[in-house]
Amino acid sequence: RFDAELVAVTKRYGHGAPAVDAISLRIPRASYCCLLGPSGCGKSTTLRMLAGHEEVSDGAILIHGAEITKAAPVARGTSMMFQDYALFPHLTALDNVAFSLKVQGVSKLERRARAREYLQLVQMDHLADRLPNQMSGGQQQRVALARSLITRPKVLLLDEPLSALDPFLRIRMRAELKRIQKELGISFIHVTHSQDEALALADLVVVMNNAVIMQAGTAREVFETP
Ligand code: ADP
Ligand code: ADP
């Protein structure tokens, strides 16, 4: 069984060459997948198609075996975490995390209970009442992570989640991402430029170049020079 499957997925923005060209990929249950490759190779487009933020031109996307190619972003079992945190400045950590449940019509009591649970998961429960401008970059990132997990996605999508952090924090958050992925038992698909990041994190490394997948396998298989 797979958390996510891409079946010959293509994206064309205009005429010219496709941004993503008939890629197929299967992500086993509870995988940490790193999507690697040079700028412009199609990584973000792939992530946005998984999230439902970009239409697929051709092919199919499945989450837990169900086809969601054309489903609305909230109905896909995916959630996206952005690198620039994008927290609401006027809301506390707790209310930022609870927000997406409000949209889903979950009761206030349950929203707050679940937000506490996810703040605890990212070790931010002691700062639940802080506003974003009263938090460090790393703390804001933890809150953003909790916010993207509270909807209980089957697959979490992360677009260069560590690139805004200083080198020290980057190593710490990296370990946190791995811990949380293992604890929840869901798949993470993490776009990065960094081979180090992929080495430290990935159960499955996927290397893209020029709109296609060049290699997919364990870090060992992919980075070992033949
Ligand atoms: P990466 O994330 O690997 O840097 P992208 O997925 O952002 O690559 O881009 C892949 C290709 O698609 C690039 O040639 C880029 O210029 C093009 N592209 C990305 N987004 C758009 C868009 N919204 N409209 C037109 N072309 C785009
Ligand atoms: P399946 O589609 O294989 O039946 P589900 O989506 O039903 O899997 O998930 C199984 C259980 O795991 C459910 O009880 C669900 O609430 C829980 N679950 C799934 N994702 C998360 C998550 N990110 N955090 C916490 N619980 C989750």
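The apolar share of the surface of the stretch 125-174, taken as the fraction of accessible area on carbon and sulfur atoms (1.4 Å probe, ligands and nucleic acids excluded), comes to 47 percent. Amide hydrogen proximity for Ile68: with H placed 1.01 Å from N in the peptide plane, the residues at 5 or more positions away or on another chain lying under 5 Å are Ile61, Leu62, Ile63. In order along the stretch 10-26, the phi-based Karplus estimate (6.51 cos²θ - 1.76 cosθ + 1.60, θ = phi - 60°) of 3J(HN,Hα) comes to 10, 10, 10, 7, x, 8, x, 6, x, 6, 9, 10, 6, 8, 10, 7, 10 Hz; Gly and Pro are listed as x. With the convex hull drawn around the C-alpha atoms of the chain, the volume per residue stands at 127 Å³. Model label sites at Ser57 and Arg116, defined 7 Å from Cα along the beta-carbon direction, differ in position by 5.0 nm.
With contacts taken as Cα pairs under 8 Å at a separation of at least 6 residues, the chain carries a relative contact order of 29 percent. Quick one: grab the alpha carbon gyration tensor of the stretch 74-124, order the square roots of its eigenvalues as a ≥ b ≥ c, and give me rounded if a/c is under 1.5, else prolate or oblate depending on whether a/b is larger than b/c. In terms of gyration-tensor shape, rounded.
Of all complete DSSP H helices in the chain, those with a Cα span along the helix axis of 15 Å or greater and a mean Kyte-Doolittle hydropathy of 0.0 or more are 93-103. Per-residue ellipticity at 222 nm from helix content only, as computed over the chain with -39500 (n - 2.57) for each DSSP H run of at least four residues, stands at -10500 deg cm²/dmol. In terms of its C-alpha gyration tensor, the stretch 118-184 has an oblate overall shape, because the principal axis ratio a/c (a ≥ b ≥ c, square roots of the eigenvalues) is not below 1.5 and a/b does not outweigh b/c.
Listed peptides 203-209, 67-73, 55-61 appear in the order 203-209, 55-61, 67-73 once ranked by packing, highest mean of other Cβ atoms within 10 Å at the front. Between the residues Gly185, Ala202, Ile213, the greatest Cα displacement towards the positive end of the dipole of the chain, with unit charges on the Cβ of Lys, Arg, Asp and Glu, is found for Gly185. Taking the Cα centre of the stretch 1-114 as origin and assigning +1 to Lys and Arg Cβ atoms and -1 to Asp and Glu Cβ atoms, the resulting dipole is close to 360 debye.
The values are calculated or read from the model by the stated rules, or taken from the named source; none is laboratory data. Given the structure is predicted, the values throughout are model-derived calculations rather than measurements. Using ideal geometry, Cβ is built from the backbone for each residue, glycine included, and neighbour counts are taken over all protein chains shown. Side chains are part of the model used for accessible areas, which takes the heavy atoms of the whole protein and leaves out ligands, DNA and RNA. Shrake-Rupley method; radii C 1.70, N 1.55, O 1.52, S 1.80 Å.
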